[in-house]
Amino acid sequence: MWVAAFGVISAALAVVSSFGLMLYIGVPFVIIVANSPFLILGVGVDDMFIMISAWQKTNLMDSIKERMSNVYSKVAVSITITTITNILAFYTGIMTSFRSVQYFCIYTGTTLLFCYFYNITCFGAFMALDGKREVVCLRWLKKPETPDQKCSSLKKPCCLPCNSLRDKHKADIHPMNLFFRDYFGPFLTSTESKFFVVLIYILYIISSIYGCFQVQEGLDLRNLASDDSYITPYFNVEEEHFSSYGPRVMVIVTEALDYWDGDARQKLEKCLVDFENSDYVDKNLTEFWLREYVKYMENHHHDVNDKITFLKNIPNFVIGSPLFMYDINITSSQEIICSRAFIQTMGVSSSTNKKLMLLQFRDMAEKCEIPLMVYNQAFIYFDQYSAILENTVRNVIVASTAMFIVSLLLIPHPLCSLWVTFAIASVIVGVTGFMAFWNVNLDSISMINLVICIGFSFDFSAHISYAFVSSSKPSVNQKTIEALYLLGYPVLQSAISTIIGVCVLSAAKAYIFRTFFKIMFLVMVFGVAHGLIFIPVFLTFF
């Protein structure tokens, strides 16, 4: 129990060390990073379960040095592979164009690196100390000389798990390990079970692919606030009563322009008419100071093409039309360095239309002969709609490629590397598809989790695959059973601990935290299903 407790403390120390380092060097702490400790609490103990499992299978008659050597020879490579891949998966997220995602990935990736070093050093040292305690216990609890003699009932629970003496000085085999070896493994490798597993997988992949086409892009602004915030009912009312019209977009002339020049005005007017002809613009609601000013000059019989006259009458025009006061930027040297018009958008209630509108407006501004820029405060959110899919696909491809290369270098069998990569792709498709069934959109929050998905789906499959190819058993079925016997229980513990670590987020009042829980739950369930069911069965086919 104390070893497991120290494993949790080791994960907590990794969080403190990593966060302290990141804050010291000036990496900003954003709200999404607050998810990281819950994640690390679940993930950081994964290696601990595997190390303890290997430790419990060592011979108590061996020296501490031999037992530690035996443990590290069995699990060090596997732990190193999964750590490298997890860190790579998170650091791949730095490539995204969303700053909040970058900061989250930097914090979490660095914390996992600290977790790894603390596990192979501090936690390993603590296991060695516990080994010395076990030696003392063996001397204290000597085997009775006659069968009818029994050890003190007080002594046994103080030193030994399961309230029993170890047989022949070996650690007790945990009942779950026996379950995987004697029941689950043989059942899974039977012909009927393999057929049923393949059928289940086909149904899973069909459902997932269907769900992928139903996923909605974009982050609803209501989801950025707490559930009890006044912002939520505000957006509900706006959507119900004012959804026909979108934001008023500024069309900004970004450089100095000779507005008194007829050709310049004609070019600018042409560009503005192009905007008004868009399906997303109500041309009757455009506000442009230059149009009104030209009418003003003509009504007062002033020469609009004369520079001095043009500039001299602007103050009087602004006094009479204060609406345009902040639309013209005139320097003290009487030069109009920039100005703006307003166009009214419509029919952009859906995230798809917002994305198309933004791309169309920017394309028009770029093609205009006059240097223009379009802007509205909401564009910071619309940008996400246009970038999220591209960023997600790029990150997933790069991270998956990195996972494949690492597994190819460190797992001594190319076929297993392909199966591990296949498991990554399969879990990503499953998580993405079932996101739609659980009403989770594809946004910057879920993109983080899909990057996480790559690392975790690699973990479970890599552990089992490595144990499979390292087995000396003669048949593939026996290799699978031994792999499940050695690592089935630690993998199951890892998944359950991670779910427990993040389940507290399910009760949060913020969409960000609930989404984190939902996707992590899907990642763990599908990841452990691949690691303990699908991949063990598929490995027996080759």
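Can you spot a residue in segment 411-418 that is part of a helix (DSSP H, G or I) and open to solvent by less than 30 Å² (accessible area, probe 1.4 Å)? Yes - at least one qualifying residue is present in segment 411-418. Residue pairs whose Cβ atoms lie under 7 Å apart, separated by 6 or more positions or on different chains, with the first residue in segment 393-407 and in contact (Cβ under 8 Å) with a residue 24 or more places away in the chain and not assigned by the TED database to the domain that holds Ala425 and the second in a helix (DSSP H, G or I) and of a type in the set (Phe, Trp, Tyr), are Met403/Phe458.
Can you confirm whether Asn449 is among the polar types (S, T, N, Q), closer than 19 Å to Phe542 by Cβ and assigned by the TED database to the domain that holds Asn35? Quick ask: steps written out before the conclusion?
Details: among the polar types (S, T, N, Q): yes; closer than 19 Å to Phe542 by Cβ: no; assigned by the TED database to the domain that holds Asn35: yes.
No: the conditions fail for Asn449.
Screening Gly246 against (1) at pLDDT below 90; (2) open to solvent by less than 30 Å² (accessible area, probe 1.4 Å); (3) part of a helix (DSSP H, G or I) leaves a single unmet condition, (3).
Across segment 44-66, the number of residues qualifying as farther than 18 Å from Ile464 by Cβ and aromatic (Phe, Trp, Tyr) comes to 1.
Counting just the residues of segment 442-475 that are polar (S, T, N, Q) and in contact with a helix residue (DSSP H, G or I) (Cβ under 8 Å, 6 or more places away or on another chain), which one comes out surrounded by the fewest Cβ atoms within 10 Å (Cβ to Cβ)? Top of the filtered list is Ser471.
For Ala14, are the conditions met, namely being buried (at least 22 other Cβ atoms within 10 Å of the Cβ), assigned by the TED database to the domain that holds Ser417 and modelled with pLDDT of 85 or more? Reasoning before the result, please.
Details: buried (at least 22 other Cβ atoms within 10 Å of the Cβ): yes; assigned by the TED database to the domain that holds Ser417: yes; modelled with pLDDT of 85 or more: yes.
Here the answer is yes, as Ala14 does meet what is asked.
Of the residues that sit in segment 396-410 and are surrounded by 22 or more Cβ atoms within 10 Å (Cβ to Cβ) and small (Gly, Ala, Ser), which one is farthest from Ser100 (Cα to Cα)? Per the criteria, the residue is Ser407.
Let's see how each residue does on (1) within 14 Å of Pro247 (Cβ to Cβ); (2) modelled with pLDDT of 90 or more:
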position	(1), (2)
Gly320	no, no
Ala341	no, yes
Met346	yes, yes
Thr392	no, no
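Which members of segment 288-304 meet the condition of being over 20 Å from Gln360 (Cβ atoms) and out of contact with any helix residue (DSSP H, G or I) (no Cβ under 6 Å at 6 or more places or on another chain)? Show your work before the answer.
In the first step, residues of segment 288-304 are kept if they are over 20 Å from Gln360 (Cβ atoms); the result is 289-304.
Once the filter is applied, which keeps residues that are over 20 Å from Gln360 (Cβ atoms) and out of contact with any helix residue (DSSP H, G or I) (no Cβ under 6 Å at 6 or more places or on another chain), segment 288-304 yields Leu290, Arg291, Glu292, Val294, Lys295, Met297, Glu298, Asn299, His300, His301.
Scanning segment 347-395 for residues that are open to solvent by 60 Å² or more (accessible area, probe 1.4 Å), touching a Ser or Thr at 6+ places or on another chain (Cβ under 9 Å) and part of a strand (DSSP E or B) yields a single hit, Met373. Would you call Val304 touching a Leu at 6+ places or on another chain (Cβ under 9 Å), modelled with pLDDT under 90 and either open to solvent by 60 Å² or more (accessible area, probe 1.4 Å) or hydrophobic (A, V, I, L, M, F, W, C) (or both)? No; evaluated as a whole, the condition is false for this residue. Among the residues of segment 427-436, is any modelled with pLDDT under 85 and either in the same structural domain as Phe468 (by the TED database) or touching a Pro at 6+ places or on another chain (Cβ under 8 Å) (or both)? Among the residues of segment 427-436, not one is modelled with pLDDT under 85 and either in the same structural domain as Phe468 (by the TED database) or touching a Pro at 6+ places or on another chain (Cβ under 8 Å) (or both), which makes the answer no.
Scanning segment 266-275 for residues that are open to solvent by 20 Å² or more (accessible area, probe 1.4 Å) and out of contact with any Asp or Glu (no Cβ under 6 Å at 6 or more places or on another chain) returns Gln266, Glu269, Lys270, Val273, Asp274.
Just to verify a result, which residue in segment 217-230, among those that are of a type outside the set (D, E, K, R) and in contact with a helix residue (DSSP H, G or I) (Cβ under 7 Å, 6 or more places away or on another chain), is surrounded by the fewest Cβ atoms within 10 Å (Cβ to Cβ)? Spell out how you get there, then give the answer.
The first filter runs over segment 217-230 and keeps only residues of a type outside the set (D, E, K, R), leaving 218-219, 221, 223-226, 229-230.
Those left that are additionally in contact with a helix residue (DSSP H, G or I) (Cβ under 7 Å, 6 or more places away or on another chain): 218-219, 221, 223, 225.
Values: Gly218: 21, Leu219: 21, Leu221: 14, Asn223: 17, Ala225: 16.
It comes out as Leu221.
Is at least one residue of segment 61-79 free of Cβ contacts under 8 Å to residues at least 40 places away in the same chain, over 30 Å from Leu389 (Cα atoms) and hydrophobic (A, V, I, L, M, F, W, C)? Yes, segment 61-79 contains a residue that is free of Cβ contacts under 8 Å to residues at least 40 places away in the same chain, over 30 Å from Leu389 (Cα atoms) and hydrophobic (A, V, I, L, M, F, W, C).
I'd like to know if segment 392-406 contains one or more residues that are of a type outside the set (Asp, Glu) and either over 15 Å from Leu88 (Cβ atoms) or in contact with a Lys or Arg (Cβ under 6 Å, 6 or more places away or on another chain) (or both). Working first, answer last.
Taking segment 392-406 first, the residues of a type outside the set (Asp, Glu) are 392-406.
Right, trim to either over 15 Å from Leu88 (Cβ atoms) or in contact with a Lys or Arg (Cβ under 6 Å, 6 or more places away or on another chain) (or both) and you get 392-393.
Checked against the condition, which is being of a type outside the set (Asp, Glu) and either over 15 Å from Leu88 (Cβ atoms) or in contact with a Lys or Arg (Cβ under 6 Å, 6 or more places away or on another chain) (or both), segment 392-406 yields at least one hit.
Of the residues Phe29, Phe6, the single one that is part of a loop (DSSP other than H, G, I, E, B), modelled with pLDDT of 80 or more, open to solvent by 40 Å² or more (accessible area, probe 1.4 Å) and in the same structural domain as Phe456 (by the TED database) is Phe29. Among the numbered conditions (1) out of contact with any strand residue (DSSP E or B) (no Cβ under 9 Å at 6 or more places or on another chain); (2) surrounded by fewer than 21 Cβ atoms within 10 Å (Cβ to Cβ); (3) more than 21 Å from Tyr183 (Cα to Cα); (4) of a type outside the set (A, V, I, L, M, F, W, C), the only one that Lys509 does not meet is (1).
Restricting the first member to segment 356-371 and to residues that are closer than 19 Å to Arg340 by Cβ and in the same structural domain as Ile252 (by the TED database), and the second to residues that are open to solvent by 50 Å² or more (accessible area, probe 1.4 Å) and part of a helix (DSSP H, G or I), the beta-carbon pairs closer than 7 Å and six or more apart or on different chains are Met364/Asp274; Glu369/Lys267; Ile370/Lys267.
Would you mind stating whether Met297 is within 18 Å of Met250 (Cβ to Cβ), open to solvent by less than 80 Å² (accessible area, probe 1.4 Å) and outside the structural domain of Met447 (by the TED database)?
So Met297 fails the test.
The values are calculated or read from the model by the stated rules, or taken from the named source; none is laboratory data. Computed from a prediction, not measured in an experiment: that's the story for all the values here. When we count neighbours, we look across all protein chains shown, and the Cβ atoms used for this are built from the backbone with ideal geometry, even at glycine. The protein model used for the area step is the full one, side chains on, heavy atoms only, and it has no ligands, DNA or RNA in it. Shrake-Rupley method; radii C 1.70, N 1.55, O 1.52, S 1.80 Å.
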